[in-house]
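Asker: To start, I am sharing the structure in question, which I have written as structure tokens.
Taken together, the values in this text are just the output of simple stated rules run on the coordinates, not laboratory data. What you are looking at is a predicted structure, and each value in this text was computed from that prediction instead of being measured. Neighbour counts are summed over all protein chains in view; Cβ atoms, including those assigned to glycine, are modelled from backbone coordinates with ideal geometry.
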Amino acid sequence: MNAHVKERKERIDKPRTALLHYSAPPVIGGVEAVIEAHARSFIEHGYPIDIIAGRGEQDALPAGANLHLLPRMDSLHPDILEINDKLIKGEIPPEFDSLVEELMGEMAERLKNYHVVIVHNMYTIHINLPMTVALFRMVENGTLKKCIAWCHDFSWADPHFRTMVHPGYPWDVLRTCLSEIIYVVVSQARQHTLSKVFKCPSTQIKVIYNGVDREKLLGLSQEGRKLINKLGLLESDLVLLMPVRVTLRKNIEFSMQVVAALKASGYKPQLILTGPPDPHDEDSMSYFKELQELRHEYNIVDEFRFVFEHGPDPTKPFTIDHQIVSDFYRVSDMMFMPSHREGFGMPVVEAGLVGLPVIGTEFPAATEIGGKDVIMFDLAEDPGLVAGRIVTWMEETPTHRLRRRVRQTLSWDAIFRQNIEPLLHM
């Protein structure tokens, strides 16, 4: 593939993008945190990404994101602070327009190799008006052909900032909507506010929520993260955990029937059984093979997972350590124990410590320690009815409903794929 064809393919498939802001990590701030998350998402999805800021450090950015510093982009640069002191009073310094021209020249040279430029906050905040006006004019004259304005704050609508902006040029740029720019805000409330500032229909402004790094927030180990992502647990409607070995007394076939009933009800369940069969016990291995066949019969191969099958080498049995079991506790929604019998039932205690609801049969840890705080059922109860009790818990528990919604739709990965990536190709 020659260089021209390769560059053209990159432009179409993975447009080169620059993120612009006054400052970048390690500067601490809400916008800086979003920029870091955006950069990480671009990298994870194979998009070339650079950050252009007035202040920041390369070592504080995700590997693969390049930092380019333009000092006068920083709102705290001495030249900008001097001009800002006068602008806040409603005075336009005589050197304002010449500085704008200089910045336009610097930016044009720096941005010429990018297909998309995402500007965070600069189009609606007053703290570096020379840079705002420079970027505004670059869109007007066509220098910036694909510009996305990510608007977190608005000087014209903020009670604290409102006294620092004044009618007329250059402050009116902060409340002027350009049709060439794609505007993005982080909530519907912000969408409504900015539409009033711009005096434009709210439909001209897109809403893309901030996200969360699920694996980081849940404190997952590196190996646990890999396995959990491989299994797709965080995309499920319900994650049931069975932290047990494969033995007859664990009543695993009953749990399969429950999972099948949950699936038939229209949900996307996942049940994870963490322990292995005993490779030295012929009966244990025979039971395991029966369960594998039963899983096919119930059509729940993708919904019922034995960790034993999911190691780095699929031809070899896989076992996990306590750290990864702990990871599973943190990502699961409910601990399921349909055992025929237990001498004690330690998983109930472990689930209690991490705040994981428990549903199971009547064994010592459930009755003596869990008591009324455990959802219990009888061994004779129909699996479909047990599934129904789980569904009732799912739909009537606000913490679960919110947890499910966040992990499915508000991870940075989901936000990038569903909301940010389409913008790059508009």
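Asker: Given a Förster distance of 41 angstrom, what is the FRET efficiency for Met285 paired with Gln408, based on the Cβ-Cβ distance and rounded to 0.05?
Answerer: Values: r = 36 Å, r/R0 = 0.89.
Between Met285 and Gln408 the formula returns 0.65.
Asker: Helix-only estimate, please: 222 nm mean residue ellipticity of the chain, summing -39500 (n - 2.57) across DSSP H runs of length 4 or more and dividing by its residues, to the nearest 500.
Answerer: That calculation yields -12000 deg cm²/dmol at 222 nm.
Asker: Which of Pro279, Leu227, Pro201 sits closest to the plus end of the dipole of the chain, meaning its Cα is farthest towards the positive end, when Lys and Arg get +1 and Asp and Glu get -1 on the C-beta?
Answerer: Farthest towards the positive pole: Pro201.
Asker: Could you tell me the relative contact order of the chain? Use alpha-carbon pairs under 8 Å, at least six residues apart, and round to a whole percent.
Answerer: This gives 12 percent for the chain.
Asker: Report the local net charge at His152: Lys and Arg +1, Asp and Glu -1, summed over other residues whose C-beta lies under 12 Å from its C-beta.
Answerer: Residues close to His152 contribute a combined charge of -2.
Asker: Which semi-axes, in whole Å and largest first, does the equivalent ellipsoid of segment 97-145 have when worked out from the alpha carbon gyration tensor as the square roots of 5 times its eigenvalues? Don't skip to the answer; put the middle values down first.
Answerer: On the way: eigenvalues 53, 36, 16 Å².
Ellipsoid semi-axes (Å, largest first): 16, 13, 9.
Asker: Among Lys14/Lys230; Lys145/Lys196; Lys14/Lys216; Lys14/Lys196, which pairs are too far apart, with a Cα-Cα distance over 30 Å?
Answerer: Lys14/Lys196
Asker: Just in segment 246-341: which chymotrypsin sites (Phe, Trp or Tyr not before Pro) are loop by DSSP and have at most 16 other Cβ atoms within 10 Å? List each step's numbers first, then the result.
Answerer: Details: sites: Phe254, Tyr267, Tyr287, Phe288, Tyr298, Phe304, Phe306, Phe308, Phe318, Phe328, Tyr329, Phe336; in loops: Tyr267, Tyr298, Phe318.
Passing both the DSSP loop test and the Cβ count: Phe318.
Asker: Here's another thing I want to ask about it. Take the Cα radius of gyration of the chain and divide it by 2.2 N^0.38 Å, with N its residue count; two decimals is plenty.
Answerer: 1.27
Asker: Please state the charge dipole magnitude for the chain, taken about the Cα centre, from unit charges on C-beta atoms (+1 on K and R, -1 on D and E), reported in debye and rounded to the nearest 20.
Answerer: Result for the chain is approximately 1160 debye, rounded to the nearest 20.
Asker: Cβ under 14 Å from Val244's Cβ, Val244 left aside: what net charge do those residues give with Lys, Arg +1 and Asp, Glu -1?
Answerer: +1
Asker: Where in segment 91-129 is the amide nitrogen less than 15 Å from a point lying 7 Å along the Cα-to-Cβ axis of His68?
Answerer: Answer for segment 91-129: 103-119.
Asker: Over segment 216-409, what portion of Cα pair distances is larger than 28 Å, expressed as a whole percent?
Answerer: Values: 3678 of 18721 pairs.
For segment 216-409, the share of Cα pairs beyond 28 Å comes to 20 percent.
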